[in-house]
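Chemist: Quick one: structure below, then a few questions.
The values are calculated or read from the model by the stated rules, or taken from the named source; none is laboratory data. For clarity, every value in this text was computed on a predicted model and none was experimentally measured. We place every Cβ from the backbone using ideal geometry, glycine too, and count neighbours over all the protein chains shown. Accessible surface areas use protein heavy atoms only, side chains included; no ligands, DNA or RNA. Shrake-Rupley method; radii C 1.70, N 1.55, O 1.52, S 1.80 Å.
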Amino acid sequence: VKTTITWQGGVDFAMSPSSDESDGGVLEQVICKDHVIMKTEESTLTCDTVDIRFAPDGDGSSTPQLAIATGNVKGISDTQTLWADKAEVTFIEADNEVVDESDTLGGTLQADKMEATGDVQVLLNDGGRAFCNTLRGDIMQSIAELEGNVLIAYKRMLMDRGDDALFKINRTTGKGLWEGPG
């Protein structure tokens, strides 16, 4: 098992209707409530509620397409910790020739895009912190956009662009770009 989810307050399952009563339909949605912890080999997510949406795959099974974490969201990986009010992650089929299987969900899916909203904060493993209203990430391309009231803080540096800022970071190239004056 590559991903485990635990919760305290219950779980709701939604199945698609099926014409064949013996199979019970296909899983469409799982909502885990109250003190949710989702762990993979490389990260841990905690939140109040996680809502996972599924779509049928070619085998007639269900494949996760979207995970929405809400309430006291905290995501921890080896390179950063993220806090937000809400975080959404979309999944795509993994290209096993390009992607290490440890970066995938169940060996066939991998995270593709991410959006965190509402009082977003990121703590990097080098001590840097970023604050913003919205963080959008392209996980495959290692690109992040911080939008809203963006503030970046390091031990000897503070960048504060105010209420209407857009900061783009490309982790692969190690470069960031502020639009407009500062």
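Chemist: Charges on Cβ only, +1 for Lys and Arg, -1 for Asp and Glu, centred on the Cα centroid of the chain; of Gly148, Ile52, Leu158, which one is farthest towards the dipole's positive end?
Modeler: Looking along the dipole axis, the top candidate is Leu158.
Chemist: Oh, and also: Work out the FRET efficiency for Asp59 and Thr173 from their Cβ-Cβ distance, taking R0 = 45 Å, and round it to the nearest 0.05. Walk me through the intermediate numbers first.
Modeler: Numbers: r = 39 Å, r/R0 = 0.86.
So the FRET efficiency works out to roughly 0.70.
Chemist: Find which of Thr63, Gly176, Val73 sits farthest along the positive direction of the dipole of the chain, computed with +1 on the beta-carbon of Lys and Arg, -1 on that of Asp and Glu, about the Cα centre.
Modeler: Working it through, the farthest residue towards the positive pole turns out to be Gly176.
Chemist: Right, next: For a 25 Å ceiling on Cα separation, which of these pairs sit above it: Lys39/Lys168; Lys113/Lys155; Lys86/Lys175; Lys33/Lys113; Lys74/Lys113; Lys39/Lys155?
Modeler: Working: Lys39/Lys168 28 Å; Lys113/Lys155 30 Å; Lys86/Lys175 27 Å; Lys33/Lys113 23 Å; Lys74/Lys113 17 Å; Lys39/Lys155 31 Å.
Those over the limit are Lys39/Lys168; Lys113/Lys155; Lys86/Lys175; Lys39/Lys155.
Chemist: Project the alpha carbons of the chain onto their principal axes and report the range along each, largest first, in whole Å.
Modeler: 63, 39, 28
Chemist: Continuing with this model, one more query. According to a simple spin-label model (label point 7 Å from Cα along Cα-to-Cβ), what is the distance in nm between Arg129 and Asp163?
Modeler: Calculated label separation equals 2.3 nm.
Chemist: In debye, nearest 20: dipole of the chain around its Cα centre with unit charges on the Cβ of K, R (+) and D, E (-)? All intermediate terms of the calculation are to be shown ahead of the outcome.
Modeler: Details: 15 positive and 32 negative charges, 219 e Å.
Charge dipole of the chain: 1060 debye, to the nearest 20.
Chemist: If DNA, RNA and ligands are ignored and the probe is 1.4 Å, what is the ranking of Val89, Val120 by accessible area, most exposed first? Walk me through the intermediate numbers first.
Modeler: Details: Val89 35, Val120 0 Å².
If we order Val89, Val120 from most to least accessible, we get Val89, Val120.
Chemist: I would also like to ask the following. Rounded to the nearest 0.05, what FRET efficiency do Thr90 and Arg156 have when you use their Cβ-Cβ distance and R0 = 35 Å?
Modeler: Working: r = 37 Å, r/R0 = 1.05.
Using R0 = 35 Å, I get an efficiency of 0.45.
Chemist: For the pair Lys39/Gln121, report the inter-label distance in nm, with labels modelled 7 Å from Cα in the Cβ direction.
Modeler: The modelled label-to-label distance comes out at 2.5 nm.
Chemist: Let me ask you something else. So how much accessible area does Arg136 have, in Å² to the nearest 10, using a 1.4 Å probe?
Modeler: 80 Å²
Chemist: How high is the FRET efficiency from Asp78 to Ser16, r the C-beta distance, R0 45 Å, rounded to 0.05? Before the final figure, lay out each step's value.
Modeler: Values: r = 37 Å, r/R0 = 0.83.
Here the calculated transfer efficiency is 0.75.
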